[in-house]
Structure formats: structure tokens, C-alpha cells
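Working notes for the structure below.
Values quoted throughout were computed directly from the atomic coordinates according to the rules given, and no laboratory measurement underlies them. Because the structure is predicted, anything quoted here is derived from the model rather than measured. No Cβ is skipped: glycine too gets one built from the backbone with ideal geometry, and neighbour counts run over all protein chains shown.
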Ligand code: SAH
């Protein structure tokens, strides 16, 4: 590490900025947004910095030569688009012991600007030692995605109580435990959910903070999380955060390895789901283990393919959690039907062609026989069938009986949103044959006129995508 990240107190004095053009304006925007007082030497004489009126109030323009200007009280010097003046200024600043940054010139800089995540009191600085600002920005985006939106409010909230709690808990380690329990428990969750008043009241209700900190059992909870159909980038930001915070994850077999890779490394993982031919541990056992883990103080994630409330037994699990009095939350996911529609470009509704969608499950032929097909006669209804592979012949017969035409377009889409996704498109008449063309893995069927709009089934390989990108870049 050549550059140590430190935080500069902008209240201590003005920052002198020297330069011209868009580079100068960009730096002024960063400094003004941070609340810095700025003294600008515009070396091309153009004093239009494009700032809002509030920021302009903190910016003073200097007409003297920066190389001879009085620098007393100045806290840092920034050169952006300053050419040779930047180099000369760097020599002067270094002689005076002032921190100096010359944009894109490590040799003449004694400090550099990080990429910044700004959440009020919480600020994250990302640097690459000047090697690649683009990489720093990508890292910043990842951190932005992981940080709860209200993390700054949480810091501010704690800041307001810190003094009074410090006076009431003398020992430092106990004090730290106190704040950890507040942040990780329902009070922290309430602040992050925007319920500050509730958090405020709960914290004030703690009569003996030392006792609260000493309680050995933290409060556990369960998050029912939808993992989406397979592509890890389709996880919601909330789902990703839950995976990063979990002590233990109970996951379905259907959840893709790429998604399991996003779980924190030291988190316990337990595969509990059923898959064809393997019974799994059973729903009652899953409920029991989840509840026990939460009651022992763990942060539990129950990770399910697609969405927890679409053919995912999420309802039963929530009822069990409610009955046990365990705190829980539900994080929705992209269900396979929506993932498949997007992946193969099948619009599920379409003006004049489809104004209704039915999500249906038909696990076995026997289940399919129990479906009331007469509700599916509407030709303007798109039917999305889950778990429909083995029952394909029965589904065809049922829809025929309901009066759907054998020419109704049908798509079978397997392993949607995964790199090995596969689709077969034809008509209702060919449905069993279409299913045979798909090589294993979970599949959905989409039935209805909208399937005619499907995009290409031939998907480029990752190698093709990369070579296309390289071609386009040339
Ligand atoms: N809760 C899940 C559905 C669970 S039922 C969701 O919302 O998606 C399991 C069925 O979902 C499978 O039989 C299959 O029909 C469908 N499915 C799940 N993942 C899939 C995928 N990646 N591609 C195609 N179908 C999928």
C-alpha cells in the first residue's frame, strides 16, 4: 500500500483548486458536494463552473498567480487540467508540506482521490493506489449494492446515544457488545427499515444497558429469501445482503451453485430441498431446524429457488415461524416463469393477444387430471406451467378438452437464466415431443399465442459474447 486512506477535515480550511475545463469542473463538483470551502484559480480565465447556487456560495475565485499566492491556512491543493502549472504547484506545495494532488500524475501527487460511497455519516473510500480509477469505481458499485440505504442513519442514530451509553457502561468490551447487540438486533433492523421512532423508543426502554449487553443469547431471525431462477446477478440487493449476513443457510437443491457462491464463506450451508428421486428431509423437519437455529440466536436464511411464495411452500414455513414466535422477513425473488419469459423473450401479456396470465402447477399426470382445465379456455390467457414435464401429455389432453387449438404455440424452457438454458418451441400438439428435446433440469412450459414472439433459441456461448465485444471495441 502506497497511499493510506485518511479522512480530511474540511472544516479546517479552504482547498485550493487550480486548473481549467471539464476536469476542473468535475473536481469542483466532488469537493463542493462534500461541503469543502474551495478557492479556485481558473488558469484559462473561465469562471463558469456550472455549480448550483448552494455550492457556489462556498467557492471563491482567486485572480492572483497560484505559484505566488498566499497559501496560509490552506489544507490541500488540487490540480485538474492545470498542465505545467500543476507540476510547478506540486513542487511548491511539497516545499511547504501541503498535501497536493495533480490529476492523473502520481509522481507529483502526495495524495489521491478515492472513489467514494457517501451515505451521510458512513463514508467508504476505495482506492487502487492510482492504478485504475475504473476498477475503483466498479468496487464502489459493488459496495453501494451491499450497503443498506439507511446505514448512514444507523450511524447517526447511534451517535446520538453514544455519550449517554458510554457514561452508563464503564468497560469498553461490554460497551462494544452493547452496540453490537443493538445494531444486529431488532433496534438496528428498525432503523434500517426507516422506523426510527420505534428504534428510539426501544433503545430508551433499555433500563440496564450492562445487563442488556451481557445477555448471552442474541435474538435470532429467519429470512425467507427468493434466489431467482439461477443467474446470480438476478438476486435482489436485499437477498444478497441477507446471504452475506447469514449464520446458517438452509437451501433448496434447485438453487444454483453460482448463487450458493454468494453466501459468506464461513456460513453453514444445509441442503434441505427435495429433488426428483430424492425425498429431502421433509417439510416438518425443515421447519423444525429453522426454528431451532433461530431460537439459538442465529441469523437464518431459508433460500428457495425463484420466489418463496410461488409453488415454494413459503406459506407453510411462515405459518410455522409465526406459531413458534420467531422473527422473520420475506424477500421476494424472480420466479422461474418470469425468468424464462425474459430469457427467451416471450412477452407474457401483449395487446390484443393476451391480457391474463395463469401460473399453474401439474407435478404428475395424476395432478394434471385434477386441474380444472375448463378455467383455461380463454385464448387470451397465457398459461405458465411449473413442474409440468412428466405431466406434459396430460396437460395437452386437458387443454384440448378445454377447447384450446392444437395449433396453440407452446414453449418449453429449461434451466432458464443459466448458462446452459435451453428452449424448444412448437405447438400444443407437439408438447410431449418438445419436452423430450430438452435435456434434463427444471423446466417451465409457456402456452399461448404470445410464444410466437419468442426470440432466438440459439444462444451465443460466452466465447462468442466476448469475441463480439472485442469486435465492437475495435
Ligand atoms: N419457487 C419456484 C418454483 C418452485 S417449483 C419459483 O418461483 O420459480 C419447481 C419448478 O419451478 C420446476 O419444476 C420448474 O418448473 C420451475 N423452475 C425452477 N427453476 C427453474 C429454471 N431455472 N428453469 C426453468 N424452470 C424452473
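Tell me, what is the percent relative contact order of the range 223-334, built from C-alpha pairs under 8 Å that lie six or more residues apart?
Relative CO of the range 223-334 lands at 41 percent.
Quick one: of the DSSP bridges fully inside the chain, what percent are antiparallel, nearest 5?
35 percent
If I take every Cα pair under 8 Å that is 6 or more residues apart in the range 151-214, average their sequence separation and divide by the length, what percent do I get for the relative contact order?
42 percent
What ranking do 252-261, 440-449 get when scored by the average of other Cβ atoms within 10 Å per residue, highest first?
Ranking the peptides 252-261, 440-449 by packing returns 440-449, 252-261.
Given a Förster distance of 35 angstrom, what is the FRET efficiency for residue 23 paired with residue 155, based on the Cβ-Cβ distance and rounded to 0.05?
0.60
Need the C-alpha centroid separation for the range 209-241 versus the range 70-143, integer Å.
37 Å
Using the count of nearby Cβ atoms within 10 Å as a rough guide to exposure, how do 453, 41 rank from fewest to most?
So the ranking, lowest neighbour count to highest, is 453, 41.
Divide by every residue of the chain the summed helix terms, -39500 (n - 2.57) for each DSSP H run of at least 4, and state the resulting mean residue ellipticity at 222 nm, rounded to the nearest 500 deg cm²/dmol.
Taking each H run of at least 4 residues, the total per residue is -11000 deg cm²/dmol.
Below 8 Å between Cα atoms, with a sequence gap of 6+, how large is the relative contact order for the range 338-453 in percent?
Averaging sequence separation for qualifying contacts and normalising by length gives 31 percent for the range 338-453.
Rounded, prolate or oblate: which fits the range 223-334 when a ≥ b ≥ c are the square roots of the eigenvalues of the alpha-carbon gyration tensor, with rounded for a/c under 1.5 and prolate only if a/b beats b/c?
The shape class here is rounded.
May I ask for the distance between the Cα centers of the range 5-20 and the range 163-198, given as a whole number of Å?
Centre-to-centre distance over Cα atoms comes out at 33 Å.
Just for the Cα atoms in the chain, what are the lengths along the principal axes, largest first, rounded to whole Å?
Principal-axis extents of the Cα atoms in the chain, largest first: 91, 65, 38 Å.
Gap in Å between the Cα centre of the range 27-49 and the Cα centre of the range 418-442?
Computed from Cα coordinates, the inter-centre distance equals 61 Å.
Expressed as an acute angle from 0 to 90° and rounded to the nearest 10, what is the orientation of the C-alpha long axis of helix 314-324 relative to the principal long axis of the chain?
Tilt relative to the chain: about 70 degrees.
Starting from the Cα gyration tensor of the range 338-453, take the square roots of the eigenvalues, sort them a ≥ b ≥ c, and report rounded, prolate or oblate (rounded when a/c is under 1.5, otherwise prolate if a/b is larger than b/c, else oblate).
oblate
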